[in-house]
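Q: Before I ask anything, here is the structure I am working with.
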Amino acid sequence: MKNSTKVFAVFGIIALLAVSLAAAQMFGNGVFSGEDKEAIKAEREAIKEAIENNDYDTWASIMQERAQRIQDSINEETFQQIRERHAEMEQFRAEMEDLREEYGVGRGMGHGFRGGCPMAEEPSE
């Protein structure tokens with residue numbers, strides 16, 4: 001197997017792992033159920049419709065309900081869940097960095113297979 005094929009295979013695996021973890025974090029761990037996703041979509045559509053119809057009262061009502069849901073979620077249990085997910089993401093990032101270093105895979109445009117992209121910015125660390 002050529003070196004470039006190995007690098008593409010590793011990069012593909014890294015991308016797949018990243019997408020899988022992100023999906024698991026948001027949808028697989030009870031953050032959003034199917035009903036939640038439908039409710040979010042319906043709320044988003046209602047907001048859009050209120051804005052397009054210049055309906056301030058509807059928009060304000062939806063936003064106040066949203067603010068109340070956020071206020072209700074400000075508690076120690078939610079904070080601990082956020083901390084756990086943060087730690088999981090930090091561990092995932094460290095593992096991905098180890099794989100990048102082990103297989104010589106770059107960090108995106110300007111750091112990838114050919115490098116030298118004049119539009120790429122250096123990652124901030």
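The values are calculated or read from the model by the stated rules, or taken from the named source; none is laboratory data. Predicted model only: the values in this text are computed from it and were never measured. Positions of Cβ are backbone-derived with ideal geometry, glycine not excepted, and every protein chain shown enters the neighbour counts.
Q: Going by the conditions given, is ARG100 at pLDDT 90 or above, part of a helix (DSSP H, G or I) and surrounded by 11 or more Cβ atoms within 10 Å (Cβ to Cβ)?
A: Judged against the criteria, ARG100 is not a match.
Q: From THR78, THR58, grab the single residue that is modelled with pLDDT of 90 or more, β-branched (Val, Ile, Thr), part of a helix (DSSP H, G or I) and over 21 Å from the mean Cα position of the chain (by Cα).
A: Unique residue meeting the criteria: THR58.
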